[in-house]
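Read through the structure below, which is laid out as structure tokens, and then see the notes.
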Amino acid sequence: MDKVGFVGLGRMGRPMASNLLRKGFELVVHDVNPEAVDALVALGAERGNGSADVAARSDVIITMLPNSAIVTQTIGGPDGLLSAARPGSLIMDMSTIDPNATDAVAALCTAKGVGFVDAPVGRLASHADAGQSLFMVGGDSADFERVRPMLEAMGTTIYHCGPRGTGTRTKLVNNFLAVSSCQMNAEALTLAQRFGLDLDSTLDVLYGTTATNGQLKIAWPAKSLAGDVAPGFTIDLAHKDLTLVMEAANAAKVPMPMAAAAREAFSAARAKGFGGKDFSAMLDAHCDATGVEAPRLSHNSRHRPQ
């Protein structure tokens, strides 16, 4: 069994690393937050002294980091993973970043004789806690098979999307729809509230037609419509992903007017102080902007999760 290094123990990375430990993987970990490292060491992980030390002691190194610049520095910087990674080892980046950055670090890995897989994550932090994440994987078949046991330890759904870079690009397509639908839902339910419509009856209709979507039917009844806007995935992060979508689309010369409009709506929500709330709180942000009381499901609503 490959020894695994894990760099980036934030809200998503920490539970993923914890699940690897629970499934019997030997783990070396590092994060800029020493408390996060302490928590994994308490579960049985080895403490890494920086990214290079993690790479030197690991066969497969996983990164789960906030943005393109940090991923590039962590992998290819002077004290990064590739400064110490052994030929034949493999780096799997699970961050959501610019596809061009993914391509660039993949090329750096190839030049050093190190394998590379991009495997960004679908679903929420609560799914990572439960080991139920979804992964969109880009990489050659041999590298994909090598990391499959680790992905199975961290999640329940794994899609091999194609060669390196396809996982990251698939994630952007997915997040464009998932994030943009939040703004459409917010506008629709704000309008329904202004009309004075009964929320349960309105949802009955929307769920029974092609107007429905996963956010409205699955996520929102347990989050904003239930009054819970604690972040599973924040408005700030959703705005970041829409920005990545726009930049990647511009580079590919694909116009994305819906994405542009959605990103500006998320920008407005952030300006009003909603950035740290769950992205379903776009409903609250839009209601606040229009002077409408945010709709909530009653405690005996047939649409509240049981």
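Descriptive notes on the structure:
- At R0 = 35 Å, FRET efficiency that the Cβ-Cβ distance of Thr157 and Ala104 yields, to 0.05: 0.80
- Residues of type aspartates and glutamates that Lys171 reaches as a straight line, Cα spacing below 18 Å, ignoring anything fewer than 8 places off in the same chain: Asp93, Asp98, Asp103, Asp118, Asp140, Asp236, Asp241, Glu247
- Loop-located chymotrypsin sites (Phe, Trp or Tyr not before Pro) in segment 160-226 (DSSP state other than H, G, I, E, B) with a sparse environment of at most 16 neighbouring Cβ atoms within 10 Å are absent.
- For the chain, the equivalent ellipsoid derived from the alpha-carbon gyration tensor has semi-axes of 38, 21, 17 Å in decreasing order.
- The lysines whose alpha-carbon is closer than 20 Å to the alpha-carbon of Lys23, local same-chain residues fewer than 8 away aside, are Lys3.
- Each of Ser267 and Ala289 was given a label point 7 Å from its Cα along the Cα-to-Cβ line. The distance between the two points is 1.1 nm.
- Close amide H contacts of Met92 (hydrogens built in the peptide plane, cut-off under 5 Å, sequence separation of 5 or more or a different chain): Ile61, Ile62, Thr63, Val117.
- Phi-based couplings in Hz for segment 190-197 (Karplus 6.51, -1.76, 1.60; Gly and Pro marked x): 5, 5, 4, 5, 5, 6, x, 6
- Summarising the strand pairing of the chain, around 15 percent of its internal DSSP beta bridges are antiparallel.
- Sorted peptide list for 25-33, 297-305, criterion being average Cβ within 10 angstrom, highest first: 25-33, 297-305
- Amide H contacts of Val28 (H built 1.01 Å from N, under 5 Å, at least 5 apart or other chain): Val4, Gly5, Phe6, Glu46
- Label-to-label distance for Ala222 and Ala188 is 2.0 nm, based on points extended 7 Å past Cα in the beta-carbon direction.
- With N counted as the residues of segment 4-163, its alpha-carbon radius of gyration over 2.2 N^0.38 Å works out to 0.92.
- Most fluctuating residue given options Val105, Val147, Val254, as computed from a GNM of the chain linking Cα atoms under 10 Å: Val254
- Here each label is just a point 7 Å from Cα along the line to Cβ, and for Arg86 and Arg22 those points are 3.0 nm apart.
- Estimated FRET transfer efficiency (Tyr207, Leu134; beta-carbon r; R0 25 Å; 0.05): 0.65
- For segment 256-288 and segment 69-139, distance of Cα centres in Å: 29
- Structure-based [θ]222 nm, the chain - -39500 (n - 2.57) summed over DSSP H runs of at least 4, per residue, nearest 500: -15000 deg cm²/dmol
- Value of Rg/Rh across segment 170-290 [Cα atoms, Kirkwood radius]: 0.97
- The alpha carbon centroids of segment 158-191 and segment 1-25 are separated by 25 Å.
Read-outs throughout are calculated quantities, based only on the coordinates presented, and are distinct from any laboratory measurement. Keep in mind that this is a model prediction, so the values were computed, not measured. Every residue, glycine among them, receives a Cβ derived from its backbone with ideal geometry; neighbour counts consider all protein chains shown.
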